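Quick notes on the structure that follows.
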Amino acid sequence: MEKQPRLLASQLLLKNCVFEVSLNRVFLTWKEVSTKKKRVSGSIHHPFKVDPGHSVRVSEVLAVGELDLDSGMKEDGRWQKMPQKPTEAYPHAFTVSYVERARHHRWRCCDVTFHCQEWALCQQWVQTIREQLAALTGRPKHLLVYINPYGGKQQGKRIYQQKVAPLFARASISTDVIVTEHANHARDHLRTEAELKQYDGVVCVGGDGMFSEIVHGLVSRTQTDNGIDQISPEEKLVACTLRIGIIPAGSTDCICYATIGINDPVTSALHIIVGDTQPMDVCSVHHNNAFLRYSLSLLGYGFYGDVLADSERKRWMGPARYDFSGFKTFMTHNYYEGTVSFQPATDTLGTPRDKSPCRAGCLVCLHNKRLCPEHSPAKCMADPDSSDSECEGGWRVIRGKFLAINAASMSCACPRSPMGLSPAAHLADGTADLILVRKCSRFNFLRHLLRHTSKDDQFDMTFVEVHRVKRFRFLPRHCQNDSELDLRENGKRLFSQICRDHPACGCSPAFSSWNCDGEVLPHAAIEVRVHCQLIRLFARGIEDPPVFEEVPTPCGI
Ligand SMILES: CCCCCCCCCCCCC/C=C/[C@@H](O)[C@H](COP(=O)(O)O)NC(=O)CCCCCCCCCCCCCCC
Ligand SMILES: Nc1ncnc2c1ncn2[C@@H]1O[C@H](COP(=O)(O)OP(=O)(O)O)[C@@H](O)[C@H]1O
Ligand SMILES: [Ca+2]
């Protein structure tokens, strides 16, 4: 570690023991002074226990303030439980709030109170830490917050008021809060009304559907402000500058889970406060060259489309609706015929079968970003073993019968599937993983589904294939010859037809719809394109757990 010049170093009292406290541009460090004579009356000090010291990155200090020891009130007017009785020799104190890491990527806000002998020293500490915090670029000061009061278990308002607002206040972040009154309220407000210049970011309190609304509003607004036509599938879209923070209060919360590692409101709020940045890919979905929607997590036809369509009628069940409809859809066991064509991502680093997932500071995302937004014609890599795979003008074409066609532009890790739908997919590499689950028995499909809940490889099955793509198209069989409308009629016949050619399989052919981040798409024939790093979140990607606690020797001392 490079040595940093020391900005301050003092002996201060913490929990009745004397600590050597020091600050440089990178770390705030405190370590107990172990000589017996430095001990202050009343403290219990074990002579053989060596204090390894405590170190906090300045970039993870949330706030600092003086503490009025007579009243126990902090500068910001909040009351604090007195950390210790004021001693006569140390009558002044200041409190530092900082990020502490707990298990499973959870962050907590911790307070430490140091007592000083002189008021001037106390002031000097508070001022110097504040100057360091002010010098950090990227921390938001003013945020626009949208709360969906009906997401998930309908706890959005309570979660924000009780868990998030006090942290924002402590970090001196001011907010304008809008509690949405109807679906698309946030999207339309962002698209046309919100005065975005005054904000450093947008916060979404809700689930993946609410986040999708915010993205639609922000991406649309950015294109309009830059004179870009987002309707055209070939247009190069302009990346949004405002970052988005997600306070999870929905049913799946996969964006939050896959970008932070946990769906915990306090952890999310702390990532917002420290001003983290995580870019993310966005897929645009078109039908016949007309724009339909953006997708950030899952685009699923067949199984996940049917789960969603069924679950929409059971919103009253809350998050459990997905399990209920999941079971029902699994039992129905429908398959769908169609043609999938895609442009393989041949020039990028990484494959969907990699063992190393996308993590904070991902080098694959960094490398592949440099290749974007070039659109060099992709090489066609037809699979010689696959009779239903062929090349058409640089696109690979696969015709078949599928239980599910899923596209994930990131892992889609969520509490139901901690590794996700595509564990090796990258958040910001400009590609999506296209997963084709061919018609198979119920038992095999269950084996495939169950593997999502463990570390087992869900792609290592003969009826599953996965491709990393930059673009793909899907054309259901009923759209191939005639117009969709005519074939809806034909489909009525097909719909009731039982799968006679594979009696053992027990599935029946039918129509499905696309699940686009929890919204049902109105068309089955779609064209999808990945836009590399179109948006940025207040997140840093999932951090690797520390191998050992990093305790730097007090720098500069
Ligand atoms: C047997 C257990 C199998 C568990 C398989 C779990 C795989 C889960 C992968 C989930 C990827 C989720 C991607 C995120 C999608 C969200 O955009 C989107 C919207 O979220 P929001 O409501 O928060 O706004 N969420 C969804 O579309 C929900 C998809 C969840 C599907 C759950 C399916 C459960 C299946 C249960 C099958 C049970 C079979 C039992 C047989 C005895
Ligand atoms: N005030 C509101 N009333 C009804 N629906 C809303 C409101 N605000 C947002 N929505 C919609 O609710 C849907 C689900 O929201 P979300 O927060 O994702 O919860 P969940 O994860 O439970 O689906 C989103 O599609 C969003 O457009
Ligand atoms: Ca990606």
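The values are calculated or read from the model by the stated rules, or taken from the named source; none is laboratory data. These numbers come from a predicted model, not from an experiment. No Cβ is skipped: glycine too gets one built from the backbone with ideal geometry, and neighbour counts run over all protein chains shown. When the accessible area is computed, the model is the full protein with side chains, heavy atoms only, and any ligands, DNA or RNA have been set aside. Shrake-Rupley method; radii C 1.70, N 1.55, O 1.52, S 1.80 Å.
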Could you tell me which numbered condition THR252 fails, if it satisfies all but one of (1) under 22 Å from CYS412 (Cβ atoms); (2) at pLDDT 95 or above?
(2)
LYS236 fails exactly one of the following numbered conditions: (1) under 14 Å from VAL282 (Cβ atoms); (2) free of Cβ contacts under 8 Å to residues at least 60 places away in the same chain; (3) open to solvent by 20 Å² or more (accessible area, probe 1.4 Å). What is the number of that condition?
(2)
Being surrounded by fewer than 19 Cβ atoms within 10 Å (Cβ to Cβ) and either within 11 Å of ligand 2 (Cβ to nearest atom) or not small (Gly, Ala, Ser) (or both) is the filter here, so list the residues in the stretch 294-319 that pass it.
ASP310, GLU312, ARG313, LYS314, ARG315, TRP316, MET317, GLY318, PRO319
Going by the conditions given, is ALA290 within 12 Å of ligand 1 (Cβ to nearest atom) and outside the structural domain of VAL58 (by TED's automatic domain parsing)?
no
Hey, does the stretch 206-227 have a residue that's surrounded by fewer than 24 Cβ atoms within 10 Å (Cβ to Cβ), more than 16 Å from ligand 2 (Cβ to nearest atom) and in contact (Cβ under 8 Å) with a residue 40 or more places away in the chain?
no
Hey, can you tell me all the residues within the stretch 406-426 that are open to solvent by 10 Å² or more (accessible area, probe 1.4 Å) and either away from ligand 2 (no atom under 16 Å from the Cβ) or not assigned by TED's automatic domain parsing to the domain that holds SER356 (or both)?
SER411, PRO418, MET419, LEU421, PRO423
Report the residue count in the stretch 241-273 for those that are part of a loop (DSSP other than H, G, I, E, B), away from ligand 2 (no atom under 16 Å from the Cβ) and crowded, with 23+ Cβ neighbours inside 10 Å.
1
Kindly check whether there is at least one residue in the stretch 518-540 that is in contact with a Lys or Arg (Cβ under 9 Å, 6 or more places away or on another chain), modelled with pLDDT of 60 or more, of a type outside the set (Asp, Glu) and farther than 30 Å from VAL203 by Cα.
yes
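Results for (1) touching a residue at least 60 places away in the same chain (Cβ under 8 Å); (2) more than 30 Å from ASN24 (Cα to Cα), shown as yes or no for each residue.
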site	(1), (2)
GLN123	no, no
ARG130	yes, no
TYR146	yes, yes
PRO149	no, yes
GLY156	yes, yes
Contact list, first residue from the stretch 176-188 and away from ligand 1 (no atom under 16 Å from the Cβ), second anywhere and of a type in the set (Val, Ile, Thr) and open to solvent by less than 60 Å² (accessible area, probe 1.4 Å), beta-carbon distance below 8 Å, six or more apart or interchain, is ASP176/VAL145; VAL177/VAL145; VAL177/ILE147; ILE178/VAL145; ILE178/ILE147; VAL179/ILE147
How many residues, within the stretch 326-354, are more than 24 Å from PRO423 (Cα to Cα) and near ligand 1 (Cβ under 10 Å from one of its atoms)?
2
